[in-house]
C-alpha cells in the first residue's frame, strides 16, 4: 500500500543489542536469560492430542483438518514450571510444521518474559533497590 508506514519488528536479540549500545546497564531480563530458563520443549498438534486421548481410551471428537493446523509448544522450565504457546494456520495450503513450531515456541517464550520480569522486580524490591511508583 502506497504511503503506508511500515514498522520494523525487532527481535529480542536486536532489542538487547540496542539496549547495550545505549549503555543501559541496570538489572534486566535478557534473551540469554530467557533461553537459560528452558529445560525441555515438546511440540504437538491438536490432532496429536486427540489421538493420544483416544489411545488412552477417552471419548474424543473426530479429527478434522483444523486440528492438524493447530500447533502447541510446551516449554518446561528448569524449576519444573511449564508455559505453552500456540500457532494456528488459517489456510491448510500454507501449513508448515516447522514454521508452526517456531511460532508456537515464540509465543511460549513471550510468557517467560513476564514471569522473569516479575521475578527480577521482586528480587530488586526485596533488596530495596527500587522505589515504588
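Annotations for the structure displayed:
- The modelled label-to-label distance for the pair residue 11/residue 42, using points 7 Å beyond Cα in the direction of Cβ, is 2.9 nm.
- Length added when fully stretched, residue 110-residue 98, from 0.36 nm per residue minus Cα-Cα: 2.5 nm
- Spacing of the two label points (7 Å from each Cα toward its C-beta) at residue 124 and residue 78, in nm: 2.1 nm
- Cα centroid separation - the range 88-131 against the range 15-51, whole Å: 6 Å
- Semi-axes of the equivalent ellipsoid for the chain, Cα gyration tensor, largest first, Å: 35, 23, 11
- Volume in Å³ per residue [convex hull over Cα atoms, computed for the range 14-81]: 118 Å³
FYI, it's all coordinate maths here, none of it is from the lab. Please read these numbers as outputs of a predicted model, since none were measured by experiment. Every residue, glycine among them, receives a Cβ derived from its backbone with ideal geometry; neighbour counts consider all protein chains shown.
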